[in-house]
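One structure below.
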Amino acid sequence: MMKNLNDQNLIDALKKVRGDIPRVMDVLGFNRHKSADAWAQIIDKKLLTKLSPDFPLMVTICGGGSSGKSTLFNSIVKEGLSPVGGSAGLNRRVLFSAHGELLEKPNFLSAMFEPFGTLPRPLKDRDELTTPGHPVYVVSDAIPKSLVLMDTPDFDTGAKGVYINREVSRQALESSDILIYIFTNSNYNNRENTDFISEMLTSIGMRKCFLIYRVYPSFETQEIQEHAMTVANNLYGKAAEQYVLGVYRTDEDNLVASGEKFMTLRPLEKKDPSFFDALKNIDTEKLRLELLSSILNDVLDRAQEFLGHIKISNQELCLYLDALQTSQSHCVHEALQHFPVDRVMNRFVDIWMSKDPPFVKVMRKTGSIIELPFKVLVGTAKKIRDTFSEKEKSALRGDFNDVVKEDLLSAVNRMHYYALNSEISVSAASKDPVTRRMADAVEEIRAQRDLKSHENPRKEAEDEKGTSTFIVSAHPVVFPNQETLRRMDWKSIQRSILSQQEVIAELSHDIEKDLKHLADSFRSKMGTWTKIRQISAAFLNVVPATVAVTYILSTGDPVGAMGIKVKLSGLFGLHDLYALIAIPATTGLKKADQNQLKEMLAPIIQAWLNKKLKAVQDLFEKEITGQMIQHATDALQSSDALITQIQDQIAVCKKAMIS
Ligand SMILES: Nc1nc2c(ncn2[C@@H]2O[C@H](COP(=O)(O)OP(=O)(O)OP(=O)(O)O)[C@@H](O)[C@H]2O)c(=O)[nH]1
Ligand SMILES: [Mg+2]
């Protein structure tokens, strides 16, 4: 329950929540469903405008067609202002009346009529009311200063479910604080009438009402009471009694019908005050506090509900972004399946040799140092070659550029497919932290959204090694980016990417630096391994052997001019990249030599890969995924911030309500 009507803390917090929820929904590409707009309208029209203690109560006369609304209005203002007539749906506009003092207050009208979107004008001619248009008002000093009285068009006129006055009635009802519901013997049990009002009343906040029964004089009090309770129950459900401010009867009278007399309202219980006194004596501030508190509670509950959906959408976006980047990482690796051994290794061997100590250089010239390992390793290299498949052999013979082109093309096509597809499937290795996190997110979202088995995100399968596959839907945030990409000419994107394929083969300055650094670090390790003497046989077998292998692999003898196929495992992201060189155990290479080789080659390939992965990723992002990833990342960041802000402000509101 609110303590007072001008708690600035509460008002500020509420305004922020009001602004941020639609904002974050837009950020997350929500198809901002009607309910959020309606919710925002309630805050604007029912709460923010009314958080002022001297704001009069809006009392709205409502009821089915021809039940006597306008006659009652005229009877209260004691003037024949509102047209009355035999055919239902006579009034087409809202008619207000208020005490002259109120109407003179500056800004009163604009504040009062904010919910209607248009300012009312003084009534010029009674007939105006029978045509649709802006609201009109009349001054009436017969009305208590604490109230504004409103006559509304009936809401049930129309045919086949199309109600001509519903929108106007809705505005009027939504902005009212109290209702005067008038009904007759022929419509008191008409559920259609009460359902519409009930929806207005109960959808957000509960408004109290007076019930007026226009009835034959012969009706007994008890009968009237029963019928009134039927109406009340239909309007409010079980707790009806606490919302009924009073029940009054007005007896059918031909003088009223002929306009010679106003209606006379009598309380059902003799002890009750007259209708006019009851109206005048309403504790405006208390009623408003009750009403606004109940509206505010509902509004905050809704906000919490929205926030729940928003959070899930934010998680889904995070998941999709991860999935997209993971598949991009796969594609980037796919583009780099072949290692340009001649370029990189030749360069490395050059660097290595240029740093040989002078005496080793001399020995090299005489051939005495290279002899031994070469003999062994030429044989090994031949064996290696024999283990490649036919297809790979042809790849080996071909130009490295062709191999790269083929890899790149298939990777690019696959990336394009992932970027445009409505879902992405990702395999999560049980040991990989990134995909593990994604698999957990899938479970969490599924639990929160209570999804059916076929709905995304979902887990597809899990193999013996604990690698699971899950499927993630494209997030609405990227729909516009997908649309743009779809409309672009794919062939020209392909061409543009292929024209930049040199990025893969070239040895950039960065890679040079890495290779030099590697050579230095190998040499310093070597120094500690071979403290005894640099030209010992041990030394020959250890380090230069691996250099020799790389040399053979690169000089083209048995397997030259090729790309070594690099087998990649743990393809996820640049952080935990791990590259392994596929040298089959069947080559007969001794385990120790193989390890030696791996130890030597892996870092070189790694150095190359690290640089190239980034280069290819940049290329993909420039041509295909960049805008999408950027957009999703921005949306994720700003929705994170807004979610925290909304949470905090809801907490402020709730605290203000209880303290
Ligand atoms: N006999 C009798 N007729 C009444 C009484 N009150 C209203 N009527 C008649 O009932 C008809 C409808 O009254 P209105 O006041 O126009 O009803 P309304 O609810 O405003 O109707 P709409 O604006 O068309 O929705 C008119 O012909 C009135 O004269 C009454 O107390 N006795
Ligand atoms: Mg009327």
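Calculate, for residue 101 and residue 286, the FRET efficiency according to 1/(1 + (r/R0)^6) with r their C-beta to C-beta distance and R0 22 Å; round to the nearest 0.05.
Details: r = 22 Å, r/R0 = 1.01.
With a Förster radius of 22 Å, E is 0.50.
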**Q.** Rounded accessible area of residue 455 (nearest 10 Å², 1.4 Å probe)
**A.** 60 Å²
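Show me the trypsin sites (Lys or Arg not before Pro) within segment 416-474 that DSSP assigns to loop and that have at most 16 other Cβ atoms within 10 Å of their Cβ. List each step's numbers first, then the result.
Numbers: sites: 431, 436, 437, 446, 449, 452, 458, 459, 465; in loops: 431, 452, 465.
In loop regions of segment 416-474 (DSSP not H, G, I, E or B), the sparsely surrounded trypsin sites (Lys or Arg not before Pro) are 431, 452, 465.
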Q.
Solvent-accessible area of residue 196, probe 1.4 Å, all protein chains present, reported in Å² to the nearest ten, please.
A. 10 Å²
Q | Spin-label model distance (nm) - residue 54 vs residue 1, 7 Å beyond Cα toward Cβ | A | 2.6 nm
Q) Along the Cα-to-Cβ line of residue 220, 7 Å from the Cα, sits a label point; which residues in segment 231-272 have backbone N less than 17 Å from it? A) 268-270
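Using a Förster distance of 25 Å, how high is the FRET efficiency between residue 618 and residue 463, based on the Cβ-Cβ distance and rounded to 0.05?
0.15
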(Q) With every protein chain kept in place and ligands, DNA and RNA left out, what is the accessible area per residue of segment 5-59? Probe 1.4 Å, answer in Å². (A) 41 Å²
Q) Tell me, what is the 1.4 Å probe accessible area of residue 12, in Å² to the nearest 10? A) 70 Å²
Q: Largest first and in whole Å, give the semi-axes of segment 246-303's equivalent ellipsoid, each being the square root of 5 times a Cα gyration tensor eigenvalue.
A: 35, 15, 10
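Run through the DSSP bridge list for segment 23-151 and note the antiparallel percent, rounded to the nearest 5.
On the way: 4 of 15 bridges.
Just about 25 percent of them are antiparallel.
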(Q) Loop only by DSSP, 15 or fewer other Cβ within 10 Å of the Cβ. Give me the trypsin sites (Lys or Arg not before Pro) in segment 1-34 that pass, ordered by residue number. (A) 3, 32
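What order, most packed first, do the peptides 171-180, 123-132, 401-410 have when packing is the mean number of other Cβ atoms within 10 Å of each residue?
Details: 171-180: 23.3, 123-132: 12.9, 401-410: 17.6.
The most tightly packed comes first, giving 171-180, 401-410, 123-132.
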Q: Report, by chain and number, residues whose modeled amide H sits under 5 Å from the one on residue 215, excluding near sequence neighbours (fewer than 5 apart, same chain).
A: 250, 251, 252
**Q.** Spin-label zone in segment 621-650 - amide nitrogen under 15 Å from a point set 7 Å from the Cα of residue 493 along the C-beta vector
**A.** 621-631
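The values are calculated or read from the model by the stated rules, or taken from the named source; none is laboratory data. Remember, it's a predicted structure, so these values are computed and weren't measured experimentally. Here the Cβ is made from the backbone with ideal geometry for all residues, glycine too, and neighbour counts use every protein chain on show. Surface accessibility is based on the protein's heavy atoms, side chains included, excluding ligands, DNA and RNA. Shrake-Rupley method; radii C 1.70, N 1.55, O 1.52, S 1.80 Å.
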